[in-house]
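Just below is one structure, and these are the notes that go with it.
The values are calculated or read from the model by the stated rules, or taken from the named source; none is laboratory data. Values in this document were obtained by computation on a predicted structure and should not be read as measured data. A quick note on method: Cβ atoms are made from the backbone with ideal geometry, for glycine too, and the neighbour counts reach across all protein chains shown.
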Amino acid sequence: MMPVTHPLIARLETDCGWPRLATLAEVEAFTGRPGAHCLFIPGDPARNLETADAAVILPELVIAFQRAFDCALVDDAIEAALRDATRALRTPGFLFYREGRFLGAIEKIRDWSDYMTRIPHLLGRVSA
């Protein structure tokens, strides 16, 4: 039986057009493209109340950073393997890449100011 997707996570696919990556090959292809990328590892929305918050925050971060990175959802099928590979073990998680290179992760929900500081640092950008 397919797990039910939280409506706020489903919205990222339907309204934002973010792809859902279900294989490590898809992750490699998505993150290997030119530019910066963020993978959203939602975790289990039924067990982790922060998942829904993260699904609202990430599109706002994309806007705040003027689309300096694009995003994709990580499917349950590869979530554990990707978390292990990146050592980003806590969910929800935002994993940042540039042209195939893992830059780092922001795990769990943070204060907005933390995102404003950490994302430019991860992307190698100078903070405004």
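Taking Ala88 as the residue in question, decide whether it is part of a strand (DSSP E or B), among the aliphatic types (A, V, I, L, M) and under 15 Å from the mean Cα position of the chain (by Cα). Give the steps one after another, and end with the answer.
On the way: part of a strand (DSSP E or B): no; among the aliphatic types (A, V, I, L, M): yes; under 15 Å from the mean Cα position of the chain (by Cα): yes.
For Ala88, the condition - part of a strand (DSSP E or B), among the aliphatic types (A, V, I, L, M) and under 15 Å from the mean Cα position of the chain (by Cα) - is not met.
Looking at Ala64, is it within 22 Å of Val27 (Cα to Cα), of a type in the set (Gly, Ala, Ser) and either at pLDDT 95 or above or surrounded by 20 or more Cβ atoms within 10 Å (Cβ to Cβ) (or both)? Before the answer, list the steps.
Details: within 22 Å of Val27 (Cα to Cα): no; of a type in the set (Gly, Ala, Ser): yes; either at pLDDT 95 or above or surrounded by 20 or more Cβ atoms within 10 Å (Cβ to Cβ) (or both): yes.
Taking the combined requirement at face value, the residue does not satisfy it.
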query: Does region 91-128 hold any residues that are in a helix (DSSP H, G or I) and of a type in the set (Val, Ile, Thr), and which are they?
result: Thr117, Ile119
field: region 96-119 residues that are touching a residue at least 40 places away in the same chain (Cβ under 8 Å), paired with ones that are of a type in the set (Phe, Trp, Tyr) and outside any strand (DSSP E or B) (beta carbon under 8 Å, 6 or more apart)
entry: Ile119/Phe65
- prompt: Quick check: anything in region 36-48 modelled with pLDDT of 95 or more, in a loop (DSSP other than H, G, I, E, B) and exposed (fewer than 14 other Cβ atoms within 10 Å of the Cβ)?
  reply: no
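Pick from region 70-90 the residues that are in contact with a helix residue (DSSP H, G or I) (Cβ under 7 Å, 6 or more places away or on another chain) and either under 15 Å from Leu12 (Cβ atoms) or surrounded by fewer than 16 Cβ atoms within 10 Å (Cβ to Cβ) (or both): which of them is modelled with the lowest pLDDT? Steps first, answer last, please.
Step one: list which residues in region 70-90 are in contact with a helix residue (DSSP H, G or I) (Cβ under 7 Å, 6 or more places away or on another chain), which gives 71-74, 78, 81-82, 89.
Going one step further and asking which of them are either under 15 Å from Leu12 (Cβ atoms) or surrounded by fewer than 16 Cβ atoms within 10 Å (Cβ to Cβ) (or both), we end up with 71-74, 81, 89.
Working: Cys71: 98, Ala72: 98, Leu73: 97, Val74: 97, Ala81: 95, Leu89: 91.
Here the answer is Leu89.
Working only within region 1-16, note down all residues that are under 15 Å from the mean Cα position of the chain (by Cα) and either outside any helix (DSSP H, G or I) or among the charged types (D, E, K, R) (or both).
From region 1-16, those under 15 Å from the mean Cα position of the chain (by Cα) are 8-13, 16; that's our starting set.
Correct list: Arg11, Glu13, Cys16.
Name the residue that is surrounded by the fewest Cβ atoms within 10 Å (Cβ to Cβ), counting only residues in region 17-35 that are assigned to a loop (DSSP other than H, G, I, E, B) and within 13 Å of the chain's Cα centre (by Cα). Break it down stepwise before answering.
Taking region 17-35 first, the residues assigned to a loop (DSSP other than H, G, I, E, B) are 17-19, 22-23, 32-35.
Those left that are additionally within 13 Å of the chain's Cα centre (by Cα): 18-19.
Working: Trp18: 21, Pro19: 15.
Restricting to residues being assigned to a loop (DSSP other than H, G, I, E, B) and within 13 Å of the chain's Cα centre (by Cα), the top hit is Pro19.
When only residues in region 57-80 that are part of a loop (DSSP other than H, G, I, E, B) and free of Cβ contacts under 8 Å to residues at least 12 places away in the same chain count, which is nearest to Ile41 (Cα to Cα)?
Step one: of region 57-80, the residues part of a loop (DSSP other than H, G, I, E, B) are 65-68, 75.
Retained after the next criterion (residues that are free of Cβ contacts under 8 Å to residues at least 12 places away in the same chain): 66-67.
Values: Gln66: 22, Arg67: 19 Å.
That would be Arg67.
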